[in-house]
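Peer 1: Below is the structure I would like to discuss, written out as structure tokens.
The values are calculated or read from the model by the stated rules, or taken from the named source; none is laboratory data. Keep in mind that this is a model prediction, so the values were computed, not measured. FYI the Cβ positions are ideal-geometry reconstructions off the backbone, even for glycines, and counts take in every protein chain you see. When the accessible area is computed, the model is the full protein with side chains, heavy atoms only, and any ligands, DNA or RNA have been set aside. Shrake-Rupley method; radii C 1.70, N 1.55, O 1.52, S 1.80 Å.
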Amino acid sequence: MNERELLAQGALLLGIELDQKQINQLLRYKELLLEWNQKLNLTAITDDREIITKHFLDCLTVNKATNMKDIKTLIDIGTGAGFPGLVIKIVYPHIDIILVDALNKRLNFLNEVIRELKLEKISCVHSRAEDLGKKEEYREAFDMCASRAVANLAVLSEYTLPFVKQGGYLLALKGQKLDEELEQGSKAIQILGGKLEEIVDATVPFTELNHRIAKIIKVNKTAKKYPRKAGEPTKNPLG
Ligand code: SAM
């Protein structure tokens, strides 16, 4: 199976039909990732096929947790090299997306991909989540926050839930330690106005990886005092 088939077949297994433009964009994104990775530390995965499976298809497991067609605005906190937010943008171009990361160098890479692929309705913000979450224009402004590999759920909830509208969702792409994280994080989720709605198990096509996606609905507004100042959520997790 060549790379195009790997992408297309893998996406189909997740219920997504990619068109030729999207396949071309994802493959170009992969090339740029490999190129920039020689200078910047963007990813430990450097095999072409593994980038397709363990990054691209991995991010697209979000489709198993929700109907992405209903989402209009999304924020990705701790996006790194664009996972999952930039992959979601390519596959669901109707969504308005903000990518956030505390490391500016990574944003230079993301801006280059956005320019080359001529992506619209997407922007990058260089900030810590705790600082951005205090800004009025970002608070409770998004239908969804999606995040992968940033922090445990107690900390991640404080980073992300302030951005989510009431009735919107946090999708936390997690692994096999989710139950443990939920035990430690459930109080924090509640304090921040969230409620675990569902855990969605999703196999990443053509890999041994199984994601457990925590689908957390925002039921109440987040109190103004959250997020606490930068560094505090990790030092002293809520709950
Ligand atoms: N989400 C990407 C992925 O799955 O490949 C990147 C994961 S990487 C392990 C964690 C990223 O989160 C890093 O790029 C880091 O700079 C960012 N990050 C960690 N804490 C953050 C915070 N408080 N605010 C914003 N970004 C943060």
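Peer 1: Measure nothing but the geometry: give the 0 to 90° angle between the long axis through the Cα atoms of 20-36 and the longest principal axis through the Cα atoms of the chain, rounded to 10°.
Peer 2: Approximately 80 degrees, to the nearest 10.
Peer 1: Related question: Using the Karplus curve 6.51 cos²θ - 1.76 cosθ + 1.60 with θ = phi - 60°, what ³J(HN,Hα) values do you get for each residue of segment 128-138, in whole Hz, with x for Gly and Pro?
Peer 2: 7, 4, 5, 7, 5, x, 8, 7, 3, 5, 9
Peer 1: Within the set of other residues whose C-beta is less than 15 Å from the C-beta of residue 221, count the net charge using Lys and Arg as +1 and Asp and Glu as -1. Provide the component values of the computation, followed by the final result.
Peer 2: On the way: positive: 134, 139, 165, 195, 218, 224, 225; negative: 136, 140, 158.
Once positives and negatives cancel, what remains is +4.
Peer 1: Hey, another quick one. Nearest 5 is fine: what % of DSSP beta bridges in the chain come out antiparallel, could you say? Don't skip to the answer; put the middle values down first.
Peer 2: On the way: 15 of 34 bridges.
Of those bridges, close to 45 percent are antiparallel.
Peer 1: Continuing with the same structure: Hey, for a label at residue 131 modelled as a point 7 Å past Cα toward Cβ, could you say which residues of segment 69-106 have their backbone N under 13 Å away?
Peer 2: Zone members listed by number: 101-105.
Peer 1: Let me ask you something else. Compute the Cα gyration tensor for segment 188-239, then decide on rounded, prolate or oblate, letting a ≥ b ≥ c be the square roots of its eigenvalues: rounded whenever a/c is under 1.5, prolate when a/b is larger than b/c in the other cases, and oblate in all that remain.
Peer 2: oblate
Peer 1: If you don't mind, another one. Taking a threshold of 24 Å on the Cα-Cα distance, which of the pairs 69/195; 21/218; 72/195; 69/229; 195/224 fall above it?
Peer 2: Violating the 24 Å Cα-Cα cut-off are 21/218; 69/229.
Peer 1: To continue, here is another question. Between beta-carbons, use under 14 Å as the cut-off and find the net charge around residue 204, counting Lys and Arg +1, Asp and Glu -1.
Peer 2: Here the charged neighbours net out to +2.
Peer 1: Counting only heavy atoms of the protein chains, get the accessible area per residue of segment 3-235 (1.4 Å probe) and round it to a whole Å² value.
Peer 2: That works out to 45 Å² per residue.
Peer 1: Which shape class, rounded, prolate or oblate, goes with the chain when its Cα gyration tensor gives a ≥ b ≥ c as root eigenvalues, a/c under 1.5 marks rounded, and past that a/b bigger than b/c marks prolate? Write down the numbers at each step before the final one.
Peer 2: Values: a/c = 1.70, a/b = 1.45, b/c = 1.18.
Prolate shape, in that a/c is at least 1.5 and a/b is the bigger ratio.
Peer 1: Next question. Around residue 120, with a cut-off of 15 angstrom between Cβ atoms, what is the net charge of the other residues, counting Lys and Arg +1 and Asp and Glu -1?
Peer 2: +4
Peer 1: Leaving ligands, DNA and RNA out of it, report the carbon-plus-sulfur percent of the accessible area of segment 3-235 at a 1.4 Å probe.
Peer 2: 47 percent
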